[in-house]
Structures are given as structure tokens and as C-alpha cells.
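Readers should treat all values here as calculations from the given coordinates under stated rules, not as data from a laboratory. This structure is a prediction, so every number in the text was calculated from the model and none was measured. Because the Cβ atoms are built from the backbone with ideal geometry, glycine has one as well, and the counts that use them run over all protein chains shown.
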Amino acid sequence: MRRIYSTFLLLLFVSSLFAGVVFSEYSATPETNRVTITWSTKSEINIEYFAVLRSSDDKTFIELKRVKAQGPGTQYNYVDENVVFKGLSAMFYKIKAIDKRGSVADESDAMIVHPNISGIFRTWGAIKAMFR
């Protein structure tokens, strides 16, 4: 009986170590004046919402949006419409999974996004065409 109890505690401990692994994939894709952030999950145990964050220096992130958790296997999507690539510098995005206690259960690595150069040139071409 004691051995079964010990095995149960060990399994409970090991499963709690992997309970925080939420994301199965995530990406950030630049377009002309916006960035589309997509992610999917493999587990959402006790997850309340996902916080989408942006930074211009990979240090100080601001929260852009909270997306309510829908369940494991869900494909999530957020479009950041307010992107201005100043001086053609990169932007950084992260996604945090927040649990029902308000704690961070999991966090993506920083996703670096460079401006879509061809989109910038297309926009410049449209501006020049207006003055012809």
C-alpha cells in the first residue's frame, strides 16, 4: 500500500512539472502595417486567458490584448494593427498563458519581427503614384 501511495505521489509530481507546458506552436508574421500573431495549445489546464505582448527592445513588453482561453488544440489569432516600424527596426512579441490565480503558467519565447520591406516599397510606390 505504501509503495502504491509513493508511486501515485511521484506521478502527481511529474505531471505537475509538465502542466505548465501550454503552447504547441506560435509565430508572428509581418505585413505592411500590421503583424499577425498566431498560436495553438496542447494543454490549457486552469488557463484563464492569453496575454499578447509587444516590445521594441526585447526588454520592456506592454500588453496589447487578452484573449480568453477556448480549450486545448485551439488555433488563436491576434492582429496588431498599430505597428509602426520606426527606422526599420525590429519588434518583439510574446504570449503569456495566465492561470485562474493570475499567475504566468507558460510564456512563449520572444518572436522577432522585421518590417516587410516589399510592403514598405509598395506603399511608397502608391504614394508616388498619387502625385503623378
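Taking the criterion of being surrounded by 11 or more Cβ atoms within 10 Å (Cβ to Cβ) and either out of contact with any His (no Cβ under 6 Å at 6 or more places or on another chain) or of a type in the set (Phe, Trp, Tyr) (or both), the residues of region 82-95 that qualify are Val83, Phe85, Met91, Phe92, Tyr93, Lys94, Ile95.
Restricting region 20-49 to residues that are in contact with a strand residue (DSSP E or B) (Cβ under 7 Å, 6 or more places away or on another chain) and charged (D, E, K, R), which is farthest from Ala97 (Cα to Cα)? So, considering only residues that are in contact with a strand residue (DSSP E or B) (Cβ under 7 Å, 6 or more places away or on another chain) and charged (D, E, K, R), the one farthest from Ala97 (Cα to Cα) is Arg34.
Which of the residues that make up region 62-107 are charged (D, E, K, R) and under 20 Å from Val22 (Cα atoms)?
If the condition is that a residue be charged (D, E, K, R) and under 20 Å from Val22 (Cα atoms), then Glu63, Lys65, Arg66, Lys68, Lys94, Lys96, Asp99, Lys100, Arg101, Asp106, Glu107 are the ones that fit.
Under 25 Å from Lys100 (Cα atoms), acidic (Asp, Glu), out of contact with any Pro (no Cβ under 7 Å at 6 or more places or on another chain) and without any contact (Cβ under 8 Å) to a residue 60 or more places away in the chain: does that describe Glu63?
For Glu63, the condition - under 25 Å from Lys100 (Cα atoms), acidic (Asp, Glu), out of contact with any Pro (no Cβ under 7 Å at 6 or more places or on another chain) and without any contact (Cβ under 8 Å) to a residue 60 or more places away in the chain - is met.
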